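K.L.:
Dropping the structure in here first, questions after.
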Amino acid sequence: MYQFNFQPVIQNLDLLLFGAWLTVRLSLMAMLFGLVVSVLGAVAKTSGIRPLRWLVDAYVEVIRNTPFLVQIFFIFFGLPAVGISMSPNTAALVALVVNVGAYGTEIIRAGIESIPRGQIEAGRALGLNPVQIFRYVVVKPALRNIYPSLTSQFIYLMLTSSVVSVISANDLASAGADLNARTFASFEIYLVLTVLYFLLALGFSTLFAAIRRVFFTYPAGR
Amino acid sequence: MQLNRRLFTTLAAGALAAGLAGPAAAADLAAIESAGTVKVGMLVDFPPFGIMDSAGQPDGYDADVAKALAEYLGVQPQIVPVTGPNRIPYLLSGQVDVLVASLGITEERAARVDFSDPYAGISIAVYGDAGLEIAGPEALSGQTVAVARASTQDTAVTEVAPADAQIRRFDDDASAVQALMSGQVRLIGASNVVMAQIGAAVGDRFDKKFDLSSQVQGIAVAPGSDALLEKVNAFVAEARGDGTLDEIHQKWLGEPLPDFVKNAE
């Protein structure tokens with residue numbers, strides 16, 4: 001019978017919590033910047049300006065058809081060759097933003113395309129200017145339509161961020177691996193890691209549900 | 001009753017294990033000389049010490065040493081590929097006469113096999129950009145060092161580095177080396193084996209800053225093969241003295257046989 005020994009985990013809980021805090025910060029920032037990249041990408045794709053569309057298409061296809069591990073290695077180990085050198089944590093953030101931006105672009109594009117032309121014309125008929133139309137008639141309803149897929153992509157992003165330990169960033173998975181290398185209490189450490197990631201995902205879900213209630217439950221009752 | 005049965009089972013299992021292990025088969029120098037071949041066990045999955053060449057033949061530092069040893073004994077070498085876990089059983093069961101298998105000399109192993117004087121060694125040290133002045137562990141203050149997570153060098157660097165040195169832990173040597181070569185870090189904790197491969201790729205961009213620890217390797221024979229061991233030791237002494245080992249070391253690891261091997265007892 002395996003003897004559980006949570007002592008190493010309890011003694012080093014601060015290390016794990018510090019790692020978890022970095023995972024949270026990394027994920028939140030990647031979601032925020034990723035959302036901006038996604039909206040810009042989706043706008044460019046639906047804009048009708050061909051060269052712009054081709055550029056975004058190329059970006060989306062390259063990122064969606066290559067492994068995240070390769071992308072992060074390229075950014076951390078490859079880019080210094082052309083003079084772009086980033087710290088592990090910055091490289092991790094950039095890789096996550098670039099990655100989630102590509103998936104988000106497609107998701108938001110689908111949302112924008114789900115808006116019937118008639119709705120935009122209705123906006124015009126109401127005398128809204130193009131910026132107002134874009135903001136209230138296109139983007140907001142579009143985000144509402146694709147909200148579930150976008151947020152599940154974001155949660156997936158948070159889980160994917162565990163990969164960044166390969167470039168020696170100090171996230172939760174990395175803290176777990178370091179602790180494991182020192183204490184060899186693999187079962188206990190990864191059990192606690194599992195619980196922590198699960199709690200983080202649950203936390204993000206709750207946050208997303210709250211945002212949805214505040215911003216996307218209109219008209220009343222929906 | 002219960003206890004007796006368990007005792008009996010234990011004794012039976014013990015007797016069986018002892019029987020299977022058998023007495024170590026001592027190698028007879030005269031028999032080797034009359035057969036005209038010496039059976040040498042070596043690793044083939046441990047570059048650059050033991051590898052398979054493109055023709056499927058064992059090659060590497062150990063293979064060259066094995067050939068030199070056979071030449072010294074005046075017989076033909078017959079190289080038998082062994083693996084890390086089974087190399088000592090191969091020797092003790094008499095399937096090979098000697099092991100030139102990168103076997104690190106440790107006390108536990110010395111209790112089971114007889115080691116020659118060291119013929120090779122692996123050392124770990126802090127290496128870095130040639131322009132960087134790092135005299136010792138204290139100079140790591142404020143510097144960033146890459147290591148492979150949970151490796152010997154991770155433990156060693158963590159132990160000696162001051163608190164304000166940053167240790168970046170990568171999943172393996174390859175990633176740590178990548179970080180060094182791409183300029184993400186200027187220092188690395190690594191073995192001379194890994195650094196020899198880097199040296200082959202980028203020349204003298206990096207040099208050794210200070211040593212962390214070292215492990216010497218010996219040629220092993222089965223216990224009781226005293227005449228053979230004496231001859232092997234004479235070979236190691238001669239090969240160290242006349243530059244044979246320097247030459248082989250230069251060929252595979254890019255530098256002459258290190259002093260810590262020559263000076264080791």
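The values are calculated or read from the model by the stated rules, or taken from the named source; none is laboratory data. The structure presented is a predicted model; accordingly, all values stated were derived computationally and were not measured. Please note: Cβ atoms are built from the backbone with ideal geometry, for glycine as well, and neighbour counts cover all protein chains shown.
K.L.:
Specify the residue that is nearest to the other protein chains (Cβ to nearest Cβ); the eligible residues are those in the stretch A:165-199 that are of a type in the set (Ser, Thr, Tyr) and either within 17 Å of the chain's Cα centre (by Cα) or over 25 Å from residue A:86 (Cα atoms) (or both).
P.N.:
By that ranking, first place goes to A:165.
K.L.:
Does residue A:214 satisfy being touching a residue at least 60 places away in the same chain (Cβ under 8 Å) and either closer than 12 Å to residue A:9 by Cβ or under 25 Å from the mean Cα position of the chain (by Cα) (or both)?
P.N.:
no
K.L.:
Residue under question is residue B:113, and the condition is that it be in contact (Cβ under 8 Å) with a residue 60 or more places away in the chain, more than 15 Å from residue B:40 (Cβ to Cβ), of a type in the set (A, V, I, L, M) and touching a Leu at 6+ places or on another chain (Cβ under 7 Å); does it hold?
P.N.:
No: the conditions fail for residue B:113.
K.L.:
Additional query: On the phi > 0 side of the Ramachandran plot and more than 14 Å from chain A (Cβ to nearest Cβ) - does that describe any residue in the stretch B:178-194?
P.N.:
So far as the stretch B:178-194 goes, no, none of its residues is on the phi > 0 side of the Ramachandran plot and more than 14 Å from chain A (Cβ to nearest Cβ).
K.L.:
So if I check each of A:38, A:27, which one is within 30 Å of residue A:185 (Cα to Cα), of a type in the set (S, T, N, Q), within 17 Å of the chain's Cα centre (by Cα) and away from chain B (no Cβ under 14 Å)?
P.N.:
Only one candidate passes the filter, namely A:27.
K.L.:
Residue B:250 - would you say it is of a type outside the set (Lys, Arg), out of contact with any Gly (no Cβ under 7 Å at 6 or more places or on another chain) and farther than 29 Å from residue A:166 by Cα?
P.N.:
Yes.
K.L.:
While we're looking at this one, here's another question. Since residue A:84 meets every condition but one in (1) part of a helix (DSSP H, G or I); (2) out of contact with any helix residue (DSSP H, G or I) (no Cβ under 8 Å at 6 or more places or on another chain), which condition does it not meet?
P.N.:
In the conditions (1) part of a helix (DSSP H, G or I); (2) out of contact with any helix residue (DSSP H, G or I) (no Cβ under 8 Å at 6 or more places or on another chain), residue A:84 misses (1) alone.
K.L.:
Please indicate, with yes or no, whether at least one residue in the stretch B:219-233 is closer than 14 Å to residue B:125 by Cβ and without any contact (Cβ under 8 Å) to a residue 40 or more places away in the chain.
P.N.:
Checked against the condition, which is being closer than 14 Å to residue B:125 by Cβ and without any contact (Cβ under 8 Å) to a residue 40 or more places away in the chain, the stretch B:219-233 yields no hits at all.
K.L.:
Here is a further query. Being touching a Ser or Thr at 6+ places or on another chain (Cβ under 6 Å) and polar (S, T, N, Q) is the filter here; which residues of the stretch A:82-125 pass it?
P.N.:
Correct list: A:105 only.
K.L.:
Is it true that residue A:162 is more than 14 Å from chain B (Cβ to nearest Cβ) and either surrounded by fewer than 20 Cβ atoms within 10 Å (Cβ to Cβ) or at pLDDT 95 or above (or both)?
P.N.:
Considered against the rule, which asks whether it is more than 14 Å from chain B (Cβ to nearest Cβ) and either surrounded by fewer than 20 Cβ atoms within 10 Å (Cβ to Cβ) or at pLDDT 95 or above (or both), residue A:162 comes out as no.
K.L.:
Restricting the search to the stretch A:177-222, which residues are of a type in the set (Gly, Ala, Ser) and in contact with a strand residue (DSSP E or B) (Cβ under 8 Å, 6 or more places away or on another chain)?
P.N.:
A:177, A:181, listed by residue number.
K.L.:
Tell me, please, whether a residue that is within 14 Å of chain A (Cβ to nearest Cβ), within 30 Å of residue B:92 (Cβ to Cβ) and within 20 Å of the chain's Cα centre (by Cα) can be found in the stretch B:152-170.
P.N.:
yes
K.L.:
Return the only residue of B:128, B:121, B:94, B:84 being in contact (Cβ under 8 Å) with a residue 40 or more places away in the chain, in contact with a Lys or Arg (Cβ under 7 Å, 6 or more places away or on another chain) and either within 25 Å of residue B:254 (Cα to Cα) or not in a helix (DSSP H, G or I) (or both).
P.N.:
Exactly one residue qualifies, and that residue is B:128.
K.L.:
Now for a different question. List the helices (runs of 4 or more DSSP H) that sit entirely inside the stretch A:109-208 and contain at least 1 residues that are closer than 24 Å to residue A:56 by Cα and of a type outside the set (Asp, Glu).
P.N.:
A:117-125, A:140-160
K.L.:
Determine which single condition residue B:116 fails, assuming it passes every other condition in (1) more than 16 Å from the chain's Cα centre (by Cα); (2) farther than 18 Å from residue B:191 by Cβ; (3) surrounded by 23 or more Cβ atoms within 10 Å (Cβ to Cβ).
P.N.:
If we test residue B:116 against (1) more than 16 Å from the chain's Cα centre (by Cα); (2) farther than 18 Å from residue B:191 by Cβ; (3) surrounded by 23 or more Cβ atoms within 10 Å (Cβ to Cβ), just (1) comes out false.
K.L.:
Tally time: how many residues in the stretch B:199-242 are within 30 Å of residue B:135 (Cα to Cα), small (Gly, Ala, Ser) and surrounded by 13 or more Cβ atoms within 10 Å (Cβ to Cβ)?
P.N.:
Here the count works out to 3.
This table checks each residue for (1) surrounded by fewer than 14 Cβ atoms within 10 Å (Cβ to Cβ); (2) within 14 Å of another protein chain (Cβ to nearest Cβ); (3) among the aromatic types (Phe, Trp, Tyr).
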{"position": "A:23", "(1), (2), (3)": "no, no, no"}
{"position": "A:32", "(1), (2), (3)": "yes, no, no"}
{"position": "A:43", "(1), (2), (3)": "no, no, no"}
{"position": "A:51", "(1), (2), (3)": "yes, no, no"}
{"position": "A:66", "(1), (2), (3)": "yes, no, no"}
{"position": "A:76", "(1), (2), (3)": "no, yes, yes"}
{"position": "A:88", "(1), (2), (3)": "no, yes, no"}
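K.L.:
Specify the residue that is farthest from residue B:131 (Cα to Cα); the eligible residues are those in the stretch B:146-181 that are at pLDDT 90 or above and assigned to a loop (DSSP other than H, G, I, E, B).
P.N.:
Ranking the qualifying residues of the stretch B:146-181, first place goes to B:163.
K.L.:
Could you please find all residues in the stretch B:45-69 being under 23 Å from residue B:110 (Cα atoms) and surrounded by 20 or more Cβ atoms within 10 Å (Cβ to Cβ)?
P.N.:
Once the filter is applied, which keeps residues that are under 23 Å from residue B:110 (Cα atoms) and surrounded by 20 or more Cβ atoms within 10 Å (Cβ to Cβ), the stretch B:45-69 yields B:49, B:50, B:61, B:62, B:63, B:65, B:66, B:69.
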